[in-house]
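The values are calculated or read from the model by the stated rules, or taken from the named source; none is laboratory data. Remember, it's a predicted structure, so these values are computed and weren't measured experimentally. In this analysis, Cβ positions are derived from the backbone assuming ideal geometry, glycine residues included, and neighbour counts consider all displayed protein chains.
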Amino acid sequence: MPLKYLAGRPEAVRLVGSLHGALFVLYVIAALLAARKFRWPAVTTAQALIAAVLPLGPFWFDAKLRKAKL
C-alpha cells in the first residue's frame, strides 16, 4: 500500500496482492491436508482455518500445535 499511495506505483499492489492471495490459498489447502492426515478434531481444524484470517494467527496456531504435540 505505501508504494501505491506514496510512490504512485499501483502495479506493486497488484503483484503483492496476488502473491498474498496465493499464499492464503496454499495455507488453507495445507491446513485441510494436515487435518486429514493427522486426524485433527473439528475444533482444531476450525482453529487452523480461523487463524488464516487473523493477523499473526498462523503463528499462534503453530505454537498451539507445538504445545499440544499434535
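I'd like to know if region 57-69 contains one or more residues that are more than 19 Å from the chain's Cα centre (by Cα), on the phi > 0 side of the Ramachandran plot, modelled with pLDDT of 95 or more and exposed (fewer than 13 other Cβ atoms within 10 Å of the Cβ).
no
Would you please list the contacts, defined by Cβ atoms under 8 Å and residues six or more apart or on different chains, that run from a residue in region 19-38 that is touching a residue at least 24 places away in the same chain (Cβ under 8 Å) to a residue that is of a type outside the set (Phe, Trp, Tyr)?
Phe24/Ala52; Tyr27/Ala52; Tyr27/Pro58; Val28/Leu49; Val28/Ala52; Phe38/Leu70
Assuming Ala7 fulfils every condition listed in (1) in a helix (DSSP H, G or I); (2) surrounded by fewer than 10 Cβ atoms within 10 Å (Cβ to Cβ); (3) among the small types (Gly, Ala, Ser) apart from one, which condition is it?
(1)
Exactly one condition in (1) among the hydroxyl-bearing types (Ser, Thr, Tyr); (2) more than 15 Å from Leu65 (Cα to Cα); (3) surrounded by 12 or more Cβ atoms within 10 Å (Cβ to Cβ) is false for Ser18; which is it?
(3)
If you go through region 10-45 one residue at a time, how many are part of a loop (DSSP other than H, G, I, E, B) and touching a Ser or Thr at 6+ places or on another chain (Cβ under 9 Å)?
Total meeting the criteria: 0.
As an exercise: evaluate Val13 against (1) at pLDDT below 95; (2) closer than 21 Å to Lys69 by Cβ; (3) among the hydrophobic types (A, V, I, L, M, F, W, C) and give the number of the one condition it does not meet.
Of (1) at pLDDT below 95; (2) closer than 21 Å to Lys69 by Cβ; (3) among the hydrophobic types (A, V, I, L, M, F, W, C), only one is false for Val13: (2).
Six or more apart or on different chains, Cβ under 7 Å: which pairs go from a residue in region 48-70 that's over 20 Å from Leu26 (Cβ atoms) and touching a residue at least 12 places away in the same chain (Cβ under 8 Å) to one that's surrounded by 12 or more Cβ atoms within 10 Å (Cβ to Cβ) and among the β-branched types (Val, Ile, Thr)? Could you list them?
Leu70/Thr44
Restricting to region 26-52, what's the tally of residues that are within 27 Å of Lys4 (Cα to Cα) and surrounded by fewer than 11 Cβ atoms within 10 Å (Cβ to Cβ)?
Of the residues in region 26-52, 1 are within 27 Å of Lys4 (Cα to Cα) and surrounded by fewer than 11 Cβ atoms within 10 Å (Cβ to Cβ).
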